[in-house]
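Trainee: Pasting a structure here, questions to come.
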Amino acid sequence: MNCMVYFIHAALHCWIVGQQVWPEPYKRLDRRPDVDPYCQALYPFCPSGDPDGRMPVMRDSDIISVFRLQTPVWEFKYGDTLGKFHVMHDAVGFGSARTGRNFTLEWYELFQLGNCTFPHERASVSAPFWCNQGAACCYDGIDDVHWKQNGTLEKIGEISGEMFNEMARWVQEDNETGVYYETWTVKSDPGANSTTWFESYDCSQFVHRTYKTLLDMGAELSSQTPTYYTKIYLYSGEPLYLGDDSIFQQSSTKDLATDIKKFYHSFRSHQSVVEMIGSLLEAFEKMVLEKTFYFYYNSEYWKLPMKYPYVKITYEEIPLP
């Protein structure tokens, strides 16, 4: 019965959107939705800057230095611990020649990485509940120690104040329409000719979009060192479209809804050590033995037929655009 349900959902999706094109396009919104008060951050988002990503206005004639910034995730709390596993966070810095002021621009999760990667369980809500928004944050200063000590702080070019202001307008539009953080990149295999099913949407992707925007305006950017970025991969066969939250409201997809919620239950927050060990075993069974991962993208669910090596964190060179 479940196989028939999967087939009907997949067929309906193909009929609506036409021939599936990979990677699945990331959907932008008309405007950023309000955040549900249920979603709470362990560490407040953008505590010393503009949480809407607004940037200062520069004189058109000003000369603005552009800096490539990278540091281990949660470096402020764990130092270089995650850096040893190449789990890095990326940002862009700017410095005004006229005023001497520096600024840091970054895009990251409103409610930390775990909340963007897996949902919550709420008794009052039938579907898994996601706190997965990300946003741009601009704040005064560049913390040299934070970026240099275990990461990178490198000047990669100069732009005019006019170009900076144009970029700042782009940041606002990008921030208002590209709302949801996506941790995973999903590919068919680790090979050079693999198919990408889904692209991540995270801090490094924002940095790449910013660089490309500046280059499209005529900026010249270059790095004296190789530019490496963290990628977190899932490997699977061709994904199967399942549907949106209506899965959890229809009797015809009750078994599918139960299976999805059971899968995510293994990744729930606030587990004891004993519970966590049990959950890891459950996740191993689902992903490796049953070769199944339920993937959430564009507010819709997909079934990934998992393949070896299943999950991998890489630190790979991606040259400036």
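The values are calculated or read from the model by the stated rules, or taken from the named source; none is laboratory data. Source: prediction; values computed, not measured. Cβ atoms come from the backbone with ideal geometry, glycine included; neighbour counts cover every protein chain shown. Quick note on the areas: whole protein, heavy atoms, side chains included, nothing else; ligands and nucleic acids left out. Shrake-Rupley method; radii C 1.70, N 1.55, O 1.52, S 1.80 Å.
Trainee: Within region 287-294, is there a residue that is of a type outside the set (Ser, Thr, Tyr), outside any loop (DSSP other than H, G, I, E, B), open to solvent by 90 Å² or more (accessible area, probe 1.4 Å) and free of Cβ contacts under 8 Å to residues at least 24 places away in the same chain?
Mentor: Yes: one or more hits.
Trainee: Something else: What are the residues in region 64-103 that are open to solvent by 20 Å² or more (accessible area, probe 1.4 Å), among the β-branched types (Val, Ile, Thr) and modelled with pLDDT of 95 or more, if any?
Mentor: Thr99
Trainee: Going through region 242-256 one residue at a time, which ones are in contact with an Asp or Glu (Cβ under 7 Å, 6 or more places away or on another chain) and assigned to a strand (DSSP E or B)?
Mentor: Across region 242-256, the qualifying residue is only Gly243.
Trainee: With the requirement that a residue be touching a Pro at 6+ places or on another chain (Cβ under 6 Å) and part of a loop (DSSP other than H, G, I, E, B), what does region 176-212 give you? If you could, list the steps in order and put the result at the bottom.
Mentor: Looking only at region 176-212, we keep the residues that are touching a Pro at 6+ places or on another chain (Cβ under 6 Å), and these are 196-199, 211-212.
The one that is touching a Pro at 6+ places or on another chain (Cβ under 6 Å) and part of a loop (DSSP other than H, G, I, E, B): Glu199.
Trainee: Within region 223-281, how many residues turn out to be over 20 Å from Cys116 (Cα atoms), open to solvent by 60 Å² or more (accessible area, probe 1.4 Å) and either touching a residue at least 60 places away in the same chain (Cβ under 8 Å) or hydrophobic (A, V, I, L, M, F, W, C) (or both)?
Mentor: 12
Trainee: Oh, and also: So which of Gly218, Gly141, Gly161, Gly191 ends up being of a type in the set (Gly, Ala, Ser), surrounded by 17 or more Cβ atoms within 10 Å (Cβ to Cβ) and out of contact with any Gly (no Cβ under 6 Å at 6 or more places or on another chain)?
Mentor: Gly161 is the lone residue from the list that is of a type in the set (Gly, Ala, Ser), surrounded by 17 or more Cβ atoms within 10 Å (Cβ to Cβ) and out of contact with any Gly (no Cβ under 6 Å at 6 or more places or on another chain).
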